[in-house]
1. Go through segment 114-134 and count every residue that is over 22 Å from residue 174 (Cα atoms) and in a strand (DSSP E or B).
2. Could you tell me how many of the residues in segment 162-174 are touching a helix residue (DSSP H, G or I) at 6+ places or on another chain (Cβ under 8 Å) and in a loop (DSSP other than H, G, I, E, B)?
3. Can you tell me which of (1) over 23 Å from residue 249 (Cβ atoms); (2) touching a helix residue (DSSP H, G or I) at 6+ places or on another chain (Cβ under 6 Å) is the one residue 154 doesn't meet?
4. In segment 307-320, how many residues are in contact with a helix residue (DSSP H, G or I) (Cβ under 7 Å, 6 or more places away or on another chain) and either closer than 17 Å to residue 270 by Cβ or in a loop (DSSP other than H, G, I, E, B) (or both)?
5. Considering only residues that are loosely packed, with under 15 Cβ neighbours inside 10 Å and part of a loop (DSSP other than H, G, I, E, B), which ones fall in segment 189-200?
6. Take the conditions under 24 Å from the mean Cα position of the chain (by Cα) and at pLDDT 95 or above and apply them to residue 134. Does it pass?
7. Considering (1) crowded, with 17+ Cβ neighbours inside 10 Å; (2) closer than 13 Å to residue 102 by Cα, say which one residue 148 fails and leave the rest.
């Protein structure tokens, strides 16, 4: 891996016509808020989420991550990995309040802010409000201001496009920064493990490994026709990403279309009991995503993939935005009950909330809004 310096005191070498993009990502946001507000939790492994048998981890502190605890993991599994794990009930009203403080810091420097969730956002500082000129310096100031005003840490990535900035923000976590300058992107991506590519999940990485693709450099050797033959509509993104190319602008007003998640099972499921239990897991995880995105919508869609790979979906639309987990869960459960018993076992189940209505113009459409729960 081509390590990126934790700090860069000089400018990022802005080239003519290239944007200055910052991606800011809070460090273990939910868990860090809980540790901040409860001193007894500091330094301890903490998970936000339900501790019951069917509970799911919504977020994990870095102390918990050392034991392998991750978000979307069943709570029983997390507790087995880390017997001393402390569970905290989620407090989304508090997380939203802190998120608004952080967004105000962003807007002190630029109006081009594209939030991805409560805890991360892209900023375009090509023309910053304070006339600082250096995206690197602005990112440093933002991290300092976040620490001073919220007592939380953030990591930042600085580059000339969104793809590279997002990768960079993860490079020196927690509480770190990475800058990828013009001229450095291609080499940086070439050494990047394919699993680090945004949108490439465990299953995708396994498939690429079977095809001889382990790094961005391996991916760059494949032409677009080969990629399309193996990855379909995902090929264009992969082709550009392998070359460090991303022309997407930072948009502060593009409306998110949907948010959801799906789970692929290690074995096919068919019994009503197993399917209902799985539905509860998916409801917990997807509602966490909905809360983080501050999204409210009117349509819930249930998706299933049968053992023969046929895809089935059923949706229900209500006449008002779904504002509570209870209502979302009730609709998801009803959709499942309507189709039981199944004609054959399934290998995948997912839920999506769509027909979204945002309270703020800052809500954006994420290219990764449909998240995998593998």
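The values are calculated or read from the model by the stated rules, or taken from the named source; none is laboratory data. The model shown is predicted, which means the values in this text are computed figures rather than measured ones. Here Cβ is always computed from backbone atoms with ideal geometry, including for glycine, and neighbour counts include all displayed protein chains.
1. Number of matching residues: 1.
2. Counting residues in segment 162-174 that are touching a helix residue (DSSP H, G or I) at 6+ places or on another chain (Cβ under 8 Å) and in a loop (DSSP other than H, G, I, E, B) gives 2.
3. Among (1) over 23 Å from residue 249 (Cβ atoms); (2) touching a helix residue (DSSP H, G or I) at 6+ places or on another chain (Cβ under 6 Å), residue 154 violates only (1).
4. Step one: of segment 307-320, the residues in contact with a helix residue (DSSP H, G or I) (Cβ under 7 Å, 6 or more places away or on another chain) are 314, 316.
If we keep only those that are either closer than 17 Å to residue 270 by Cβ or in a loop (DSSP other than H, G, I, E, B) (or both) as well, we get none.
Matching residues across segment 307-320 total 0.
5. Answer for segment 189-200, where residues must be loosely packed, with under 15 Cβ neighbours inside 10 Å and part of a loop (DSSP other than H, G, I, E, B): 191, 198, 199.
6. Values: under 24 Å from the mean Cα position of the chain (by Cα): no; at pLDDT 95 or above: yes.
The answer is no for residue 134.
7. Against the list (1) crowded, with 17+ Cβ neighbours inside 10 Å; (2) closer than 13 Å to residue 102 by Cα, residue 148 comes up short only on (1).
This table checks each residue for (1) surrounded by fewer than 14 Cβ atoms within 10 Å (Cβ to Cβ); (2) at negative phi; (3) more than 18 Å from the chain's Cα centre (by Cα).
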{"site": "223", "(1), (2), (3)": "yes, yes, yes"}
{"site": "227", "(1), (2), (3)": "no, yes, yes"}
{"site": "235", "(1), (2), (3)": "no, yes, yes"}
{"site": "245", "(1), (2), (3)": "no, yes, yes"}
{"site": "252", "(1), (2), (3)": "no, yes, no"}
{"site": "265", "(1), (2), (3)": "no, yes, yes"}
{"site": "280", "(1), (2), (3)": "no, yes, yes"}
